[in-house]
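Input: a single structure, listed below in structure tokens.
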Amino acid sequence: MKCALFSVFMVLFLSGCTIYRSEGRKQFESEAPGKVSATANFELKSCKKENRFETWFHEEFPSSHYEMVVMGNDLEVWRTHRGVKVEVKAIQKSDSAVHSCIYEFANDIVWNLYKESFIRELEDNVMTLE
């Protein structure tokens, strides 16, 4: 009895809220899927925690196919082309570990358009596997 009464009360309460019936909410719900897919400017292909040998090897013998985009004490960003797609490798170093992630952008136009915000986001956030 209490459960049924509570359910009826919640239905009446929520139906009275104007946000659930508003035109703004309907517009938001209809536009949201397109906006979410439009903000997906890149795809995360892989991430891993590098061991000391991998880190040393990549520092001493960087791939000739990659072009350095950013070099800092704790962040390196490298870029190369895979067909028309742009592959970006981000390496983030901390005292305890080195993480590398590979991202893929659709083409040079998308990469150049979102490069600054992408790098800023990498600088502001620590890449982890957790």
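The values are calculated or read from the model by the stated rules, or taken from the named source; none is laboratory data. Keep in mind that this is a model prediction, so the values were computed, not measured. FYI the Cβ positions are ideal-geometry reconstructions off the backbone, even for glycines, and counts take in every protein chain you see. Note: accessible area is taken over every heavy atom of the protein model, side chains too, but ligands, DNA and RNA are not part of it. Shrake-Rupley method; radii C 1.70, N 1.55, O 1.52, S 1.80 Å.
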- Message: Given the criteria within 21 Å of ASN125 (Cα to Cα) and at pLDDT below 85, does THR18 qualify?
- Response: no
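Rundown of residues vs (1) touching a Leu at 6+ places or on another chain (Cβ under 9 Å); (2) of a type in the set (Lys, Arg); (3) under 27 Å from ARG52 (Cβ atoms), yes/no style:
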{"position": "THR80", "(1), (2), (3)": "no, no, yes"}
{"position": "GLY83", "(1), (2), (3)": "no, no, no"}
{"position": "VAL88", "(1), (2), (3)": "no, no, yes"}
{"position": "LYS93", "(1), (2), (3)": "yes, yes, yes"}
{"position": "ILE102", "(1), (2), (3)": "yes, no, yes"}
{"position": "ASN107", "(1), (2), (3)": "no, no, no"}
{"position": "SER117", "(1), (2), (3)": "no, no, no"}
{"position": "LEU122", "(1), (2), (3)": "yes, no, yes"}
- Query: Counting only residues that are open to solvent by 70 Å² or more (accessible area, probe 1.4 Å) and either more than 26 Å from VAL110 (Cβ to Cβ) or in contact (Cβ under 8 Å) with a residue 40 or more places away in the chain (or both), how many does the stretch 49-73 have?
  - Reply: 10
- Message: Would you confirm whether or not the stretch 39-48 contains a residue that is touching a strand residue (DSSP E or B) at 6+ places or on another chain (Cβ under 9 Å) and open to solvent by less than 40 Å² (accessible area, probe 1.4 Å)?
- Response: yes
